[in-house]
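Here's the structure we're looking at; comments come further down.
The values are calculated or read from the model by the stated rules, or taken from the named source; none is laboratory data. Note that the structure is predicted; figures quoted are calculated from it, not measured. Note that each Cβ is placed from the backbone with ideal geometry, even for glycine, and that neighbours are counted across all protein chains shown. These accessible areas exclude ligands, DNA and RNA; they are computed on the full protein's heavy atoms, side chains included. Shrake-Rupley method; radii C 1.70, N 1.55, O 1.52, S 1.80 Å.
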Amino acid sequence: MSSAPRSPTPRPRRMKKDESFLGKLGGTLARKRRAREVSDLQEEGKNAINSPMSPALADVHPEDTQLEENEERTMIDPTSKDDPKFKELVKVLLNWINDVLVEERIIVKQLEEDLYDGQVLQKLLEKLAGCKLNVAEVTQSEIGQKQKLQTVLEAVHDLLRPRGWALRWSVDSIHGKNLVAILHLLVSLAMHFRAPIRLPEHVTVQVVVVRSLITFVNKHLNKLNLEVTELETQFADGVYLVLLMGLLEDYFVPLHNFYLTPESFDQKVHNVSFAFELMLDGGLKKPKARPEDVVNLDLKSTLRVLYNLFTKYKNVE
C-alpha cells in the first residue's frame, strides 16, 4: 500500500468474478445474510402527521402521528420537506408563534434551531396559558437547557393529558432538533389553545430511521466481513464509504486511490471526498453534505449521504 494516494481520476475497473475486496485485503467472503424486503425497510420509516387540523376541532385527538422508537435517531426524507403541505404547515406554525410572541420581540426563523433549547417554548407556553414557569431565564449548558425543557414539557403534559392525547415528543427529541417531534408538539398546542389559524390537513412526513440504513449498509458490507453499528463514527474516515461504493457498483477500487488506515483529518477528508467522486461517477447527485462534516461526526450529514445511496441502490443484491 502506498502512503500517498494518486489522483482518483480514472474510473475504477469492474471486478472480475474471482476478484474481490477480500482477495486484496486478505479476508474471506462472509456468509451471505438474507436481507429484509425493501418494502419492510421503507415501511419502518413511514410516519405521518395526519389529523384534522381545523382550530374548531380542538377535541379531535392528533392521531396517526406515531414516531419510531429511538426517535432522536431519525431524519426527515428531503423530498418530504419539499412537499407543499409540509412547507405550508411549517410556515403557518412559524407565523403563529411569531404573532403570539410579537410583544416579547422574539422572531423565530427555524423551528428546530430556535425551539430546541426551551427558551422560546417557555415564552410561548407562558403567553398562551397566562402562567409563569419557575425556570432560569438563560441557560447555556446542555444540562441547563434540558432541565428547562423538562419543566416546560411537564407543564405542556399537564395541559394535554386530561384530553387523553398521545404525547409524541420527549426532552431528548426536542433538544436533538427532531423537527417531527417539534411539529407534533406545536400542532397539539395550537389545537389545545384553539389557535386562530388553519393548518393544512393530512400532512404526511417520510422519516428515515437509522436502523433501516444500518440494515442496508450491512447487507453489502457483510460481504467483506465488515459490520456497522454506529453510522456517524464508522463512516467518518471514509473507508467504508469507498468500499460500499465499490460493492454497490460492482468494481474494485485500487487501494492507492485512498487511505485504507487514515490517521490524519486530511486523509479522512480525502477518503470521503473520493467516495463522493465515485458517487458522482455512479450517477448520483453531488452530496449536499461536506466531506468535513462527515469526518467531524455530524450524524445528519452522514445520514443524508447514506440515504441517497439507499434510494438508488435499495434493490441491489
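Only one of these conditions is not met by A275: (1) within 28 Å of G176 (Cβ to Cβ); (2) touching a Pro at 6+ places or on another chain (Cβ under 7 Å); (3) assigned to a helix (DSSP H, G or I). Which number is it?
So the condition that A275 fails would be (2).
For segment 126-142, which positions are at pLDDT below 90 and open to solvent by 40 Å² or more (accessible area, probe 1.4 Å)?
Across segment 126-142, the qualifying residues are N134, A136, E137, V138, Q140, S141, E142.
For segment 124-239, which fully contained helices (runs of 4 or more DSSP H) count at least 1 residues that are within 22 Å of the chain's Cα centre (by Cα) and β-branched (V, I, T)?
Here the list reads 171-175, 179-192, 210-221, 231-234.
Just wondering, is there one or more residues in segment 292-307 that are in contact with a Phe, Trp or Tyr (Cβ under 7 Å, 6 or more places away or on another chain), assigned to a loop (DSSP other than H, G, I, E, B) and open to solvent by less than 20 Å² (accessible area, probe 1.4 Å)?
No, because not a single residue in segment 292-307 is in contact with a Phe, Trp or Tyr (Cβ under 7 Å, 6 or more places away or on another chain), assigned to a loop (DSSP other than H, G, I, E, B) and open to solvent by less than 20 Å² (accessible area, probe 1.4 Å).
Go through (1) assigned to a loop (DSSP other than H, G, I, E, B); (2) at pLDDT below 90 for V253 and report which single condition fails.
Unmet condition: (2).
Check L284, L247 and return the single one that is in a helix (DSSP H, G or I) and open to solvent by less than 60 Å² (accessible area, probe 1.4 Å).
Unique residue meeting the criteria: L247.
Of all residues in segment 250-280, how many are open to solvent by 30 Å² or more (accessible area, probe 1.4 Å) and under 25 Å from the mean Cα position of the chain (by Cα)?
The number of residues fulfilling the criteria is 6.
Table: residues versus (1) β-branched (V, I, T); (2) not assigned by the TED database to the domain that holds Q234.
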residue	(1), (2)
Q150	no, yes
A155	no, yes
V171	yes, yes
I174	yes, yes
L179	no, yes
L183	no, yes
L186	no, yes
M191	no, yes
N218	no, no
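Give me the pairs, please: first residue somewhere in segment 289-317 and within 26 Å of D266 (Cβ to Cβ), second residue anywhere and of a type in the set (F, W, Y) and surrounded by fewer than 18 Cβ atoms within 10 Å (Cβ to Cβ), beta-carbon distance under 7 Å, and either six or more positions apart or on two chains.
So the pair list comes out as V295/F265.
Within segment 103-120, can one find any residue that is assigned to a loop (DSSP other than H, G, I, E, B), among the small types (G, A, S) and surrounded by fewer than 18 Cβ atoms within 10 Å (Cβ to Cβ)?
no
Just give me the residues in segment 256-272 being of a type in the set (A, V, I, L, M, F, W, C), more than 22 Å from F310 (Cβ to Cβ) and part of a helix (DSSP H, G or I), in sequence order.
F265, V269
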